[in-house]
Structures are given as structure tokens and as C-alpha cells.
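Trainee: Dumping the structure here so I can ask a few things about it.
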Amino acid sequence: MSISDPKIRSLFLSCDGFLNAAVVQKKLVSEGGGVDLLIDNEFIKSLDASDAPEAKDQPLLLNINQICDAGFEHKPAYWAIDPSHANLASLGCDLNEKWSLYNGHTLYIYQNAGIDNSVDMVYIDPVVGEFIPIDANGHYQLGGHFGLHRCLASYIIEVYDAQYKIITRQETNIPEGKLGGRDLEGYISITEYLQAPKKAAFVRLLVRKFPAKSLEKDSFLFFTQPAFTLLAGEDKTPLKWEKSLISVEGWQTLRKCDHTQLAYIQFQLPEHAYDGEQHTIILIDRNSGLPAQGSPKTFSYATDVHGKLEQLEGSRVIGWISQPDMRVELYVDGLFVIDTTSAKADDNAQVFGFNIALPVQLLDGRPHLLEVKARPSGKLIGVLAEITPPQLTPWDVLQKYAAKPLPAKLSPAAAYRYEAMRASLLALSAAAGNKDGEALAALVAHVTCLGRLHEQLVAGFDKIRHFEHLSFPVVETPDVSIVVPVHNKFPVTYYCLVALLFAYNKASFEVILVDDGSSDDTVDVLDYVDGIQYLRNETSQGFIRSCNRGASIAKGQYIVMLNNDTEPTVHWLDELIFTFESFDKVGLAGSKLLYPDGKLQEAGGIVWSSGNPWNYGRSGNPHEPRFSYTRQADYLSGAAIMLTTALWKQVGGFSEEYCPAYFEDTDLAFKVRAAGYKTLFVPLSIVYHFEGISSGTSVTSGTKRYQEINRPKFKQKWINSCRFNGEEGKQVDLNKDRGINHRALVIDYQTPRLGIEVIYAPFEYSMQTFMEKRGSEFDVVYITRYYVAKNQLHWVRQYAPTAKVLFCNADLHFLRELREGIERNDQEQINKACVIREDELSIMRQVDVVLSYNPIEHAVVLSHNLNSTKIVTCPWVVDIKDDIPGFADRQDIAFLGGFGHPPNKAAVLFFISQVMPILRYQLPDAKFRIYGSNVPPELEKLACDDVIVEGYIEDVADIYNTCKVFVAPLLTGAGIKGKVIDGLAHGTPSVLSPIAAEGTPLRHGLEVMIAETAQDWADAVTELYIDQSVWEKTSIAAREFAARHYSFENGRKLMLKALETCDVFASTDNQALAVNKTRTSL
């Protein structure tokens, strides 16, 4: 077949024994040509220059090992003893296990004692024989690994011209010293370089073994991992050994062609092609429309491969895979970095490990997404999101051995300590601004000692040489009583007290230190620390009785049990209190515990149906989404837990049947739930725990032996309460969640944090991969906004086919765009809205239920989609405010809105240009205040004495509680207006345009005023502004309206109805975690 034949334009090759490569003419690649890949007559993808952008610029065989069967899977099939030396030696493969490369193969040449002749082993290519074609002037690398027993050897390249006349010969002597064996390190690595002469056409590759140095003994040469590779230039960096990618069939095709004119494009078969079933693959040459040479082919591949990406250990990516000799590839941030081959960790292992070193340029102290995939299927083995270390010396080692000053920024806790300092300084600034003398004095005293406290934390408790005096503020009625039981280990206790003082919290607290019979400096703690309560047991009573004694004198609303071998961080108390204030029926809350090196120690515990507890998340990445949301847990480690003082007393504190210690915290969690309360893991309350310092780590000695003594006691007491908690160690990430009946996925452009696992980069980079891994978990998928659904709905339907899809349109996007186009008389905008209309209505036809806030929009949707769309009312929920400022305590007129939303800008321009001129006459002292983010320069230029551009505000309550009248003069828009509902909930009398009031049954003159013309606007604002009785009646009516239509109770009813519409039946009568207010902040 000639090179000009159309069929030769695309060749179809097998690589790694799999069908995954095409060869096309470079000319076609440069002109945008290529091939189309079809499997079972279904189009899969196009292969062109975008798949191999460098293909048109590089030789076809660049960096490809041209030795066929370089791994010796077919034994010595392509290597042979020179026929003239046949009687001098024997050739074989894998002499025995001891002298065979582990996870590979080794050839050997054996000579009997007494033979004094050398012997040559020649490579014989299955296609071209001994003479391998090369490119004149090309740069080549010859490599191999050798082991020598009582002999010498050399590695030889012979270069021939087109008439098979030898031109030159290069011989590299192989030094003695290594014998070969199981490990590659036991072999001598030889690399030889060749720049082919101008007339070169072929090479011949030989290994020459010289006879034994002592003729009385047998001799062996071992040989493995040969490679002959075309290089890009004169770079003599040794290449990593790889097997030949191209099958014998592929070489038979390539050797017949002028490969200097061809380009090589690899592709990956889709994962479903590796299912063990028979498939047909076809490559169609796009330019000629003909099948590629070698196409079609029938294949059946089964790669039932699985594994795990375990961890980043220092600078190395560690994991395992289920098959030996499997090539695995490492991708960092989506880009291929390096690959390796799996091998057994030891002779008894049933899995095959990989250990991949990260390139130094990635050891930068920044977050990276690490992915490991199996070749050739591309199956994802595992994903890790890690901050790669810029240095590997552990922090505790630096603390022990580094000279002062220590590099504090390298401490795993450095970021939290920075936040503690920042929070303290901000609080000081706020107190100074408010001129609060008492608070200011306390904060000044606190801030002045921050530097000294920080240096103690950086040094660590092992290196504290001078115990400076610590002073805790004395609070008569603290928010929290912190009970710290201790027994000796005074430096550890002192360090914990330093951390308590250093970690800023809004909550006030007292410290109750219970000394359980210490004999060290702990007995003199009051000489070092004042402002704490100190209790002493003259003889040791154990952890449980010490905790109970400390709690008995607590004055705080909450009690915290805190181990002394801990370092609490900024806002740790505030976050614990926050859960009690924000969720229903919270009885017990526990912190996220970290090891000193920053790894996760515990993220709430699981108690299995066997009654055995499990530390969830141990040694994991504490930043992973699954460890970073508030959830119900079976138990919380007693190292850092909070209860209300009233509940602590109600359940009787720690049960003394477990004295002196262990299982008391697990038992406490079960007692709390038995009392009708919930037990929560609080991920933003961060506490470092130096586990084992107080009680050791051995379960066979010391106090910790009671862990096994108390285990059967706990099971006997609570086994019926955990019998449905799941099989031990199975489906851990599903079993960790308690109090749920269904799993819902919410897809939106922004998502709240409370009690919701939020998926974020770098732990996931694409919706497709996330849904592929976890789509089967979900019973319900809730998508908000049409442009979000447009991009993501197909992944939901593909990977969560049984889930019911609820779509909240937020507002009818095309209606808003259409109104804006009509208002501006913009035909282009109107045409755009019509295109959006078709997209938006199409999305609604593809989901199970549409939720919309606005009954007018319901009618619009149904008029287009008829009975193809089920549509229900979407709930809106607000907190109704009771204690609000009165008429006399307010002034001015306010508008609120983000100015990235065009209708808000138009609304403000209308009010300034048409309403304010009238109000300046009717209300000469009133000011119009404009709040919102991204204020455009056009509006800022309109600021004047009575038009104040305030911009972004942190808390919208500061707007609704200070303005006398709130306005929403929207001329265009759609949906329901959150700012309007918030105004109602705050009881702030409002004047609205008909568009702003749309979607609500608000009535003019009762709950709000509704105005259209500029004069109507000015009159309505004026009436509310000057008539106190009208203002107060409107305020009361507004709050009553909000309570009636937008309460939690009403919102739950509407959501239950929406779920029932798509045959998902839920109930509010359960133990689910539920927030009790809509806007939550510390």
C-alpha cells in the first residue's frame, strides 16, 4: 500500500495492548484533519490537533521505546544468542524468583565453567529483524539494567548505512559491582547516547558477555528493562523506562511507512468500554471518509481495577491498586505530572502499592488537587486535596531542636493564631470607637500580653522555661464555665491556659481547674495564674469524678469539658454556643479536634450497631467538605464538649460507673439523646489535641486500659440504642449522618453553610466527576436558577437517574429580561429574552417539579408548557422581629439592592431624578440613603447633601431598624423581592412599585403603600414619614403579614407539598437537624 493511498492517511494502532492510538499524516494535522472515534457505531469523540497539539511539530516515534516487548512478557522471544555462539551459552528468562525482577522479568545468559569465549545476544525486531531503521542525524538513547556474576560485559550499538555496511560502532563497558535480583536498585543502569551519522539508515543492538574471570566457575549475566528511544535533541537526561507502547501489529504497519511524515495521537477509550463485553471500534478518516487502516476491530477488555489514594506523606503520593504491574498516572490540578507502576508492598500484601514523588515545583505550600488514574482505562483511583509542604521537618521537631527564634509561620496553628490576634485588635478598635471604658480597659490589658502569650505557644510546652504570670478576667455571670481536669504535667496545663487566654472569643468564660492529686508544680498553680477557680483532690479520684466536681460549682449558662492537653483556637467557644442558638433541641456540641501537625484527629464519632465507637476522619484532611459541616454525631470526644448547665445537671453529668475514665463521653451523648436532645459536631470550633499526653496511648496499661474494661459496660447499657447504626466500617461516609430520611443535593450559585455539606474546590473541580462519584446517594436534587440548571441538569439525569429533580427558578429570567427590553425599547434585548424563554421553559419540561415564588409567573409558565410542567409555590422564610425601634427613633428613606442586578440601578435613578425633587419640597429634612454592593460610578456622581451613597453594609438589620421608610421603586424585574419581605419582617413601613409588590398578596394602604407615578411615590413616602399613627399601623400589619405568609411553619408546609408532588414523602416529625432562624452570624 503506497503512502498516497487514502486509507494510509490514518493508521489504527494498539498501545499497551489496548486500542488507543491513531496515526495521521502531519499535513492533515496541520490542516485541522484527524479521525473520528466510534464504538458500537456510536460517535465518541473527534481526534485532531487539539488532542496532540505538538504532533505536527515532532517526529512520530519521539520518546517511544522502539524495543518490542521490552518488559519480556513473551520471554526472550525477540532476543537471541548469535547463531555462531549457540554452543557457548544458553539464554532464558526468570532464572528463579530470587534472580527475577519483582513485578517484572529478567533475561539471563548462562555459561558453564571452562568456556573462554565471549557470546553476543542480539535484539531481533519482530518486523524488521536485526536491523532497526533510524533517522539520519537523529539523537538516540540506548538503555538497560544489568547484573554480573563472575563475568564482564558490554552494551553495543552498531550503525549501518542503507547498503547494510557498518559505519560506526559504540561499545559501553558494563562495570562490575551489582548482581541483579528482585529490586531494580540491585542492577547497574547503563545509558548510551548516539547521534546518527549523516548516512546512517539502521542500527543493530547487542549485549556481549565475556567469559568467567575464573574458568572453573559458572557465570551469569542478568538483563532487564532495555530501551532504544529517539530523542528531541542533544539533551542527555536519562529517560524513564517504559514498555513499548505499540503492539507488534502496529509496528508491522509503521515499519512499512515513511514515519517521518506521520503524527501519532493517543486517545483514551471511555471507561464503559472496559466492561468485559464485546465491542466494535472504528476510526473514520475525517478527510477521506474512509475507515482507518486496521479498522474496524472487535475487542473485549475487562479491567476490574480498584484502589485507593491513601495520603500525601511528605512529598510522596501514597496508595494502592488491585492489580500488579498496572501503570498509574498522577494528575495535579487537572494536568498530567508523572506516572509509575504498581508493585506489592511486601510478600504478604494482597494489594499493589504506588509511591509517587511530587516534582519540587509543586512543593510550594499551596493547595493542589491530586488525582491518580489507572492506565489504560483512565479510571479514577482516588482524589486528594492537599496543601503541599514547602518543608518537611515536623513542627514538633523544630520546637525541640531549632534555634530561636522559631519560624512561627510554619506552625500548623499559625493561621488560627493570626486570626486570634486580628479578632482581638478589631475588638479593641470597636471598643475604642464606642468609648466603652470598662471593655476598653480589659481589651487593652489583653492585647498588651498577646505577644508574650504567642511566644509561649510557639515554643510549645516542652520548651517553656519561664512560666509568666497569667491573669484571667473575673466574670460574675460568665456565659461559659470551662472545666479542666488535670493530674501532674504542669507545663501542659500551663500551655492550655495560655491558649485559653490567647484565643479570642466574644463569649465570657470562667476557668475551673480541678487538680486530681498532682504532685508536681500543679499544686502551686495559683502562684502562676489568677482569675481561675482551683479545686484539689488530695488523692486521685480519676477523670470522671474530677469533671463532675468541677461542674458542680459552674456559674455559666454552658459547661465545657476541656482536656488540659489541648490548644483551643479563635472563636472556639463562640462557634459551640452558635449551634445552641441556631438549631432546634441541641443538647451537646463538640469541637473538631486536630493533631499538632494539623491533620484531623476527629470529626464527630460513630457508634456502630456492634456498640463499638469509631473516630470519624482520623488522620484525614480537616478541610475536606465531609469534615466541615455541622451534623449530628453519635458521640463527641470529651476532649472539648459543651452542654447547657441545666442539661448537664438533668442527665447527671458523667456516669461514675465508668470511673476512673473512658466511655464516659460516649455514654453522655447517649444520655443526652435519651433526654430528647441532639448531639452535634461543630466543625468551626477548632481545638488542637495532643492526644495521649495525659493518659498515654497503650490500652493495656495505665488509665487507658479502662477503655477496654468499660467497653462491655457501655454495650450492655446502650446496645438497643445503636442496633440500627450500620455495620462496622461499612459505608462510613453515609453512616456518619444521623437523623435523616432522605439525601438531597442542592445546586446553586451560592449556598448557606448551616448543617449542609458544601462541595468546593480543590476537593472537586467539576460537576461531572462529583456526580459520577456520588450521584447515586441522592433521593432529591434541588436546582436554583435556570442558567445553573441549563449547565448541570444533564449530569444529574445521567448519574442520579432515580432522583427527583426540583427546580426553583428564583425568578422568571426571560420575563425580567423582556420587561427590561420593553422599558428601554431595546429590540436586541427583547430578541435575547425570547431565546432565553425557550431555554428556560425547556428546562422546566425536563424536571419533576418547578417551584416559583410568584403566582403570576405560575400562570405564564403554564400558558406555555401546559400540562408538561408541574408547578408549585416556593417557600420563603424570614425571622419576624419583635423588639424594633419606634417611629421617633428613626429617620431618612432607604433603598437596598446589589447593583450587579440592572433593575436596582434603574430603580435608584428613577427615584433620584423624579421623586427626590418633589420630596425636597414635601420633606426638606429627609435624606435618601442608598445601600448595596457594586455601586456604579453613575450613581456615585449623583451623591449630594440629601442623597447619600452608603454602599455595602454587613448587617441589613442596620438599615431596616434605622430608616423611617423603606422604598423599592423597581421598574422591571421578576420573581419575589427578598428586600421587600425582609422589610415586612422588620416592621419597616415600605413604599413599593407594582413590580416590587408582584408575587405577594400585599395590599396598598394596609401592609405597604404601592405607588406608580412620581407624585404617588412622594405622597406615599410623606404620609408614612410624618403620620405616626399610619406608620405604626403599617408596621404592625407588615409583621403580621410576614408571620402569616413567610414563617418557618408555613415554609415547611409548602416544601412538603412540593416534595409530595413528585412522590417524595417526608415529615417534620423527626430528629432531623433544623435551623431556627434564617440569618445567622456569630
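Trainee: Looking at (1) of a type in the set (Ser, Thr, Tyr); (2) in contact (Cβ under 8 Å) with a residue 40 or more places away in the chain; (3) surrounded by fewer than 17 Cβ atoms within 10 Å (Cβ to Cβ); (4) in a helix (DSSP H, G or I), can you tell me which one Ser1035 breaks?
Mentor: (3)
Trainee: When you scan the range 256-270, do you find a residue that is among the aliphatic types (A, V, I, L, M) and in contact with a Pro (Cβ under 8 Å, 6 or more places away or on another chain), even just one?
Mentor: First pass over the range 256-270, keeping only residues among the aliphatic types (A, V, I, L, M): 262-263, 265, 269.
In the following step, the residues that additionally are in contact with a Pro (Cβ under 8 Å, 6 or more places away or on another chain) were identified as 269.
For the range 256-270, residues among the aliphatic types (A, V, I, L, M) and in contact with a Pro (Cβ under 8 Å, 6 or more places away or on another chain): present.
Trainee: Grab the strands (runs of 3 or more DSSP E) fully contained in the range 213-299, keeping just those with 3 or more residues being modelled with pLDDT under 75 and either surrounded by 21 or more Cβ atoms within 10 Å (Cβ to Cβ) or not assigned by TED's automatic domain parsing to the domain that holds Trp99 (or both). If you could, list the steps in order and put the result at the bottom.
Mentor: Numbers: elements: 219-231, 262-266, 279-285, 297-299.
So the answer is 262-266.
Trainee: Return the residues of the range 604-625 that are surrounded by 19 or more Cβ atoms within 10 Å (Cβ to Cβ), under 24 Å from the mean Cα position of the chain (by Cα) and not aromatic (Phe, Trp, Tyr); say none if nothing qualifies.
Mentor: Across the range 604-625, the qualifying residues are Gly604, Gly605, Ile606, Gly617, Asn621, Pro622.
Trainee: Scan Lys1057, Lys1077 and give me the residue that is of a type outside the set (Phe, Trp, Tyr), surrounded by fewer than 17 Cβ atoms within 10 Å (Cβ to Cβ) and at pLDDT 90 or above.
Mentor: Details: Lys1077 fails: at pLDDT 90 or above.
None of the other options fit; the residue is Lys1057.
Trainee: Might you check whether a residue that is modelled with pLDDT of 90 or more, within 29 Å of Tyr331 (Cβ to Cβ), more than 16 Å from the chain's Cα centre (by Cα) and charged (D, E, K, R) occurs anywhere in the range 762-777?
Mentor: yes
Trainee: Next question. Between Val498, Val474, which is touching a residue at least 24 places away in the same chain (Cβ under 8 Å), on the phi < 0 side of the Ramachandran plot and surrounded by fewer than 19 Cβ atoms within 10 Å (Cβ to Cβ)?
Mentor: Details: Val498 fails: surrounded by fewer than 19 Cβ atoms within 10 Å (Cβ to Cβ).
From the options Val498, Val474, the qualifying one is Val474.
Trainee: Here is a check on your reading of the model: is Asn865 in contact (Cβ under 8 Å) with a residue 12 or more places away in the chain and either out of contact with any helix residue (DSSP H, G or I) (no Cβ under 7 Å at 6 or more places or on another chain) or among the polar types (S, T, N, Q) (or both)?
Mentor: Values: in contact (Cβ under 8 Å) with a residue 12 or more places away in the chain: yes; either out of contact with any helix residue (DSSP H, G or I) (no Cβ under 7 Å at 6 or more places or on another chain) or among the polar types (S, T, N, Q) (or both): yes.
It is true that Asn865 is in contact (Cβ under 8 Å) with a residue 12 or more places away in the chain and either out of contact with any helix residue (DSSP H, G or I) (no Cβ under 7 Å at 6 or more places or on another chain) or among the polar types (S, T, N, Q) (or both).
Trainee: Another one. Condition (residue is farther than 30 Å from Gly460 by Cα and either at pLDDT below 95 or not aliphatic (A, V, I, L, M) (or both)) applied to the range 678-695: is it met by at least one residue? Step through it out loud before you land on a result.
Mentor: Initial filter on the range 678-695 (farther than 30 Å from Gly460 by Cα): 678-680.
Within this subset, residues satisfying the condition of being either at pLDDT below 95 or not aliphatic (A, V, I, L, M) (or both) are 678-679.
Among the residues of the range 678-695, at least one is farther than 30 Å from Gly460 by Cα and either at pLDDT below 95 or not aliphatic (A, V, I, L, M) (or both), which makes the answer yes.
Trainee: Could you tell me whether the range 946-958 includes any residue that is touching a Pro at 6+ places or on another chain (Cβ under 8 Å), closer than 30 Å to Phe814 by Cβ and touching a residue at least 24 places away in the same chain (Cβ under 8 Å)? First the steps, then the outcome.
Mentor: Let us first name the residues in the range 946-958 that are touching a Pro at 6+ places or on another chain (Cβ under 8 Å), namely none.
Among the residues of the range 946-958, not one is touching a Pro at 6+ places or on another chain (Cβ under 8 Å), closer than 30 Å to Phe814 by Cβ and touching a residue at least 24 places away in the same chain (Cβ under 8 Å), which makes the answer no.
Trainee: For the range 963-1028, which fully contained helices (runs of 4 or more DSSP H) count at least 1 residues that are surrounded by fewer than 21 Cβ atoms within 10 Å (Cβ to Cβ), under 40 Å from the mean Cα position of the chain (by Cα) and not acidic (Asp, Glu)?
Mentor: Answer list for the range 963-1028: 978-985.
Trainee: A further question follows. Quick check: is even one residue across the range 320-338 at pLDDT below 85, under 21 Å from Gly104 (Cα atoms) and in a strand (DSSP E or B)?
Mentor: yes
Trainee: Given Ser377, Ser424, Ser429, Ser411, which one is among the hydroxyl-bearing types (Ser, Thr, Tyr), at pLDDT below 85 and farther than 30 Å from Leu269 by Cβ?
Mentor: Values: Ser377 fails: farther than 30 Å from Leu269 by Cβ; Ser424 fails: at pLDDT below 85; Ser411 fails: at pLDDT below 85.
The match here is Ser429.
Trainee: Can you tell me which residue in the range 969-1005 is nearest to Leu818 (Cα to Cα), limited to those that are β-branched (Val, Ile, Thr) and touching a helix residue (DSSP H, G or I) at 6+ places or on another chain (Cβ under 8 Å)? Break it down stepwise before answering.
Mentor: The first filter runs over the range 969-1005 and keeps only residues β-branched (Val, Ile, Thr), leaving 972, 976, 980-981, 988, 991, 995, 1000.
Going one step further and asking which of them are touching a helix residue (DSSP H, G or I) at 6+ places or on another chain (Cβ under 8 Å), we end up with 972, 980-981, 988, 991, 995, 1000.
Numbers: Thr972: 9, Val980: 22, Ile981: 24, Thr988: 31, Val991: 24, Ile995: 13, Thr1000: 21 Å.
Here the answer is Thr972.
Trainee: What number of residues in the range 925-947 are surrounded by fewer than 15 Cβ atoms within 10 Å (Cβ to Cβ) and not in a loop (DSSP other than H, G, I, E, B)?
Mentor: Of the residues in the range 925-947, 4 are surrounded by fewer than 15 Cβ atoms within 10 Å (Cβ to Cβ) and not in a loop (DSSP other than H, G, I, E, B).
Trainee: Just give me the residues in the range 714-723 being surrounded by 15 or more Cβ atoms within 10 Å (Cβ to Cβ) and either in contact with a helix residue (DSSP H, G or I) (Cβ under 9 Å, 6 or more places away or on another chain) or among the hydrophobic types (A, V, I, L, M, F, W, C) (or both), in sequence order.
Mentor: Taking the range 714-723 first, the residues surrounded by 15 or more Cβ atoms within 10 Å (Cβ to Cβ) are 714-715, 717-718, 722.
Phe714, Lys717, Trp718, Cys722, listed by residue number.
Trainee: Sticking with this one: Applying the selection to the range 860-879, what residues are assigned to a loop (DSSP other than H, G, I, E, B), among the β-branched types (Val, Ile, Thr) and under 26 Å from Asp982 (Cβ atoms)? Step through it out loud before you land on a result.
Mentor: Here is the first cut: in the range 860-879, the residues assigned to a loop (DSSP other than H, G, I, E, B) are 869-870, 874-879.
Checking which are among the β-branched types (Val, Ile, Thr) leaves us with 869, 877-878.
Scanning the range 860-879 gives Val877, Val878.
Trainee: Going by the conditions given, is Arg824 within 24 Å of Thr1000 (Cα to Cα) and of a type in the set (Lys, Arg)?
Mentor: On the way: within 24 Å of Thr1000 (Cα to Cα): no; of a type in the set (Lys, Arg): yes.
Spelling it out, it is not the case that Arg824 is within 24 Å of Thr1000 (Cα to Cα) and of a type in the set (Lys, Arg).
Trainee: I've got another one for you. Being closer than 12 Å to Tyr193 by Cα and in contact with a Phe, Trp or Tyr (Cβ under 8 Å, 6 or more places away or on another chain) is the filter here; which residues of the range 131-143 pass it?
Mentor: First, the residues of the range 131-143 that are closer than 12 Å to Tyr193 by Cα: 138-143.
Scanning the range 131-143 gives His139, Tyr140, Gln141, Leu142, Gly143.
Trainee: How many residues are out of contact with any Ser or Thr (no Cβ under 8 Å at 6 or more places or on another chain) and assigned to a helix (DSSP H, G or I) when one looks only at the range 407-426?
Mentor: Number satisfying all stated conditions: 12.
Trainee: Starting from the range 300-313, take each residue that is within 24 Å of Ala273 (Cβ to Cβ) and modelled with pLDDT under 90 and list its partners that are of a type outside the set (Gly, Ala, Ser) and in a loop (DSSP other than H, G, I, E, B), counting only C-beta distances under 6 angstrom and pairs at least six apart or across chains.
Mentor: Hits for this filter: Ser300/Gln278; Tyr301/Tyr274; Thr303/Tyr274; Val305/Gln323.
Trainee: Among the candidates Leu754, Leu745, which residue alone is of a type in the set (A, V, I, L, M), closer than 19 Å to Ala603 by Cβ and crowded, with 16+ Cβ neighbours inside 10 Å?
Mentor: Criteria check complete, one pass: Leu754.
Trainee: Do you know which residues across the range 110-136 are closer than 30 Å to Lys217 by Cα and surrounded by fewer than 15 Cβ atoms within 10 Å (Cβ to Cβ)?
Mentor: Asn112, Ala113, Gly114, Asp116, Asn117
Trainee: Considering each of Gly598, Gly638, Gly620 in turn, give the residue that is modelled with pLDDT under 95 and at positive phi. Break it down into steps so the answer makes sense when it comes.
Mentor: Numbers: Gly638 fails: at positive phi; Gly620 fails: at positive phi.
Result of the check over Gly598, Gly638, Gly620: Gly598.
Trainee: Turning to a different aspect of this structure: Using the structure shown, decide if Leu205 is within 55 Å of the chain's Cα centre (by Cα) and at pLDDT 95 or above.
Mentor: Numbers: within 55 Å of the chain's Cα centre (by Cα): yes; at pLDDT 95 or above: yes.
Taking the combined requirement at face value, the residue satisfies it.
Trainee: Have a look at Phe714, Phe724 and point out the one that is in a helix (DSSP H, G or I), of a type outside the set (Val, Ile, Thr) and touching a Ser or Thr at 6+ places or on another chain (Cβ under 8 Å). Please lay out each step first, then the result.
Mentor: Details: Phe724 fails: in a helix (DSSP H, G or I).
After applying the criteria, what remains is Phe714.
Trainee: Any residue that is small (Gly, Ala, Ser), out of contact with any Cys (no Cβ under 7 Å at 6 or more places or on another chain) and either surrounded by 14 or more Cβ atoms within 10 Å (Cβ to Cβ) or at negative phi (or both) - is there at least one of those in the range 379-395? Walk me through how you get there before you give the answer.
Mentor: As a first pass, look at the range 379-395 and keep what is small (Gly, Ala, Ser): 382, 385.
Among the residues that remain, those that are also out of contact with any Cys (no Cβ under 7 Å at 6 or more places or on another chain) are: 382, 385.
Narrowing the set further to residues that are either surrounded by 14 or more Cβ atoms within 10 Å (Cβ to Cβ) or at negative phi (or both) leaves 382, 385.
Yes, the range 379-395 has at least one match.
Trainee: Now a separate question. Could you tell me whether Ala894 is closer than 24 Å to Ile1036 by Cα and not in a helix (DSSP H, G or I)?
Mentor: Working: closer than 24 Å to Ile1036 by Cα: yes; not in a helix (DSSP H, G or I): yes.
So Ala894 fits the description; yes.
Trainee: Please determine, by comparing only the residues of the range 505-547 that are hydrophobic (A, V, I, L, M, F, W, C) and in a loop (DSSP other than H, G, I, E, B), which one is farthest from Val447 (Cα to Cα).
Mentor: Ranking the candidates gives Ile532 first.
The values are calculated or read from the model by the stated rules, or taken from the named source; none is laboratory data. Keep in mind it's a predicted model, so treat the numbers as computed, not measured. With ideal geometry, Cβ positions are generated from the backbone for all residues, glycine too; neighbour counts draw on all protein chains shown.
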